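I have placed the structure first, in the form of structure tokens, so that the comments after it can refer back to it.
Bear in mind that the values in this text are calculations on the coordinates, not laboratory data. Fair warning: this is a prediction, and the values are worked out from it, not measured in the lab. No Cβ is skipped: glycine too gets one built from the backbone with ideal geometry, and neighbour counts run over all protein chains shown.
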Ligand SMILES: [Zn+2]
């Protein structure tokens, strides 16, 4: 390394990190993930206040009670309640940079789904934007949220802030 190169500031540092682990989903998450494999989005309703959790972990974290009732099937559309712009590539996301990482409140749910926005410029993404899921071809499905490739704008009018402000 020449003396002039030694004086250059370090601008990029590549540090590949790999973490292999086994995730035991449990009954509730298994039901949720298997539903993805059938193209369905299943939430569960808290028996105390009726809030719909998606995904459900089998109990309500607010009331500390089991959620054992019938699953609630949710539509694959909702509202962006917040987002961030991602300019860093990721191996498992095949969207062009930059793209928006979004938090979607599915219609009828009370908790947020983390996903990504496609078919939209980051100049257009905004809170309240209506979006719908774009699924992979069915032959590529497994029991995974990745069966939804991304969400895209529906073109519907925005959801008023008052209707989702408690879910941010
Ligand atoms: Zn509850």
**Q.** Residue exposure sequence - 151, 161 - by fewest surrounding Cβ within 10 Å
**A.** 161, 151
Q) residue 82 to residue 165: extension gain in nm, 0.36 nm per residue of separation minus the Cα-Cα distance? A) 28.9 nm
Q | Cα-based Rg and Dmax for region 86-135, where Dmax is the largest Cα-Cα distance (Å) | A | 11.4, 32
Q: Calculate the length of the line joining the C-alpha centroid of region 143-162 to that of region 73-131, in whole Å.
A: 6
**Q.** Theoretical gain in end-to-end length, residue 65 to residue 93 [0.36 nm per residue, Cα-Cα removed]
**A.** 6.5 nm
Q: List 87, 149 from most exposed to least, where exposure is judged by having the fewest other Cβ atoms within 10 Å.
A: 87, 149
Q. Which one of 24, 84, 144 has the biggest mean-square fluctuation once the chain is modelled by GNM with Cα springs under 10 Å?
A. 24
(Q) Taking 45 Å as R0, compute the FRET efficiency from the Cβ-Cβ separation of residue 136 and residue 8 and round it to 0.05. (A) 0.55
Q | Cα-Cα P(r), region 76-168, percent of pairs per 5 Å interval | A | 3, 14, 26, 24, 19, 10, 4, 0
**Q.** Förster radius 25 Å - calculated FRET efficiency between residue 119 and residue 40, Cβ distance, rounded to 0.05
**A.** 0.65
Q. Is the chain best put as rounded, prolate or oblate by its Cα gyration tensor, with a ≥ b ≥ c the root eigenvalues, rounded for a/c under 1.5, and otherwise prolate when a/b is larger than b/c, oblate when not?
A. prolate
